[in-house]
Amino acid sequence: MADFPSVNEQALHLVARELAATLNEVRIALEAAAETPADKSHVAKSADLMRAARGVLRVVEVYGAALLAEEMEHTSRWLAVTETDARQFVDGLDALMRSSVQLPTYLERVLGGGRDLALVLLPLLNDLRAVRGASLLSEGTLLSLNLSSEKAPVAGDPAATEQKLTVPQ
C-alpha cells in the first residue's frame, strides 16, 4: 500500500501559497512600521494578518507555527496600543521581524516532512513575550504540547448511542 500524506499535511500543502503571501504582507507591514514608528497602523495591520494566519495554522494542525503566530499577533497588538519608549518599540519590531523570517522557514520544514516541534521556536516565543513583559515559557511547557497519547482511541458502539428514528406512515 502506498504512503499517502496525512489529511493535515495535504491541507497544509493546499494553503501553503496563501500562507506565504500573508506572511510576506506581515513582513512588509513590519518594515513600514520600522520606517514610520509614529504610525501604529502598520503594526496593527500585521496583528490582523497574524490572526488570520494563526487561524489557518490551527485548522491544518501545525500547532508550533500557530503558537508563534499567536505570540506575534499579541506582540503586534501590544505595540499598536501601548505607549512605548523608542527602545521598547525597536526591540518589539526586531523580535517580530526575526519571527516573520523564521515562521516561513519553519513551515517549509514541516511541509518537507519535518515534525511540528514548537520547542525549536522557544527563543523567538520568549523574545516576543519578553517585549510585552509576559512570563516566559519553559521547555517543559512546550514539550507537553508535543506529547501524543500512547493509547489508541477506543471506538464505541455507535448503534448503542444512536436514537431510533421512527417515520410516521
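Taken together, the values in this text are just the output of simple stated rules run on the coordinates, not laboratory data. Predicted model, so just to flag it, every value in this text is computed and none were measured. For neighbour counting, all protein chains shown are included, and Cβ atoms are generated from backbone atoms with ideal geometry for every residue, glycine included.
For the range 27-116, the list of GluC sites (Glu not before Pro) that fall in a loop by DSSP and count at most 12 other C-beta atoms within 10 angstrom reads Glu83. Centre-to-centre, using Cα atoms only, the range 29-45 and the range 83-134 are separated by 17 Å. Length gained on full extension, Ser135 to Glu9: 42.1 nm, using 0.36 nm per residue less the C-alpha separation. Based on the Kirkwood approach, the hydrodynamic radius assigned to the range 91-150 is 12.6 Å, with every pair of different Cα atoms included.
Divided by 2.2 N^0.38 Å, where N counts the residues, the Cα radius of gyration of the range 7-145 comes to 1.01.
Over the residues of the range 44-126, compute the C-alpha Rg and express it relative to 2.2 N^0.38 Å. Could the numbers behind the result be given before it?
On the way: Rg = 12.9 Å, N = 83, 2.2 N^0.38 = 11.8 Å.
So the range 44-126 has a normalised radius of gyration of 1.10.
When the charge dipole of the range 7-145 is built from unit charges on Cβ atoms (+1 for Lys and Arg, -1 for Asp and Glu) and taken about the Cα centre, the candidate among Asn126, Ser76, Val62 whose Cα reaches farthest toward its positive end is Val62.
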